[in-house]
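Input: a single structure, listed below in structure tokens.
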Amino acid sequence: MADDALPQDWTQGAFGLRVMTPEGPSVFALLNGASFDMTPAFGTCSAWLNREDPLGVIRRDGVPSALDLKAALANAHHAARDAQKPFLIAPIDLQAIKAAGVTYVRSMLERVIEERCRGDATQAEAVRAEVRAIIGDDLANLVPGSVPR
């Protein structure tokens, strides 16, 4: 199963991935089949990929690692995932994802609210009320380019 999920050239290219480890999410680079832990230098995929030369920093700032990619992939797809063993997670952490539609706007607003609350859920409703006071209750009433109330 792992071989089917990996690109055929994974041992010849450069790839970014995130791996959930017992210590938490980690950022890894694969370069010509070798794995490098990018977490100590960058912390997030977005911080690493926003560098001027993200490929160039792999060998310079990455820590060579013994990540068993096939085992991490297999653990990610296993119904009884072993949380004490690494498994792959989505490579997106703080990057903006382009999307469209009302659900995108709602999700984007919730991300802004969460960021404004710094993860403190007890403050979320107060911030939502502040947002509703500015844009109203119905996103369908928003007119692009209009001045907020």
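Readers should treat all values here as calculations from the given coordinates under stated rules, not as data from a laboratory. Everything numeric here is computed off the predicted structure, so don't read it as measured data. As a convention, Cβ positions derive from the backbone with ideal geometry for all residues, glycine included, and neighbour counts pool all protein chains shown.
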When you count, for each residue, the other Cβ atoms within 10 Å and take the mean per peptide, how do 64-74, 49-59 rank with the highest first? 64-74, 49-59
Computed label-point distance, nm, for sites Asp138 and Ser46 using a 7 Å Cα→Cβ extension: 3.3
Scale the Cα Rg of segment 2-89 by the rule-of-thumb value 2.2 N^0.38 Å and send over the ratio, two decimals. 1.05
Please report, in debye to the nearest 20, how large the charge dipole of the chain is about its Cα centre when each Lys and Arg carries +1 at its beta carbon and each Asp and Glu carries -1 there. 200
Could you give the size of the charge dipole of segment 102-141 about its Cα centre, using +1 on the Cβ of each K and R and -1 on the Cβ of each D and E, expressed in debye and rounded to the nearest 20? 80
Just tell me, in residue order, which DSSP H segments of the chain are both 18 angstrom or longer along the helix axis (alpha-carbon based) and at least -1.0 in mean Kyte-Doolittle hydropathy. 102-116
To one decimal place, what orientation-averaged projected area in nm² is obtained for the convex hull of the Cα set of the chain? 12.3
Going by average Cβ neighbours within 10 Å, how do the peptides 131-140, 29-38 rank, with the highest at the top? 29-38, 131-140
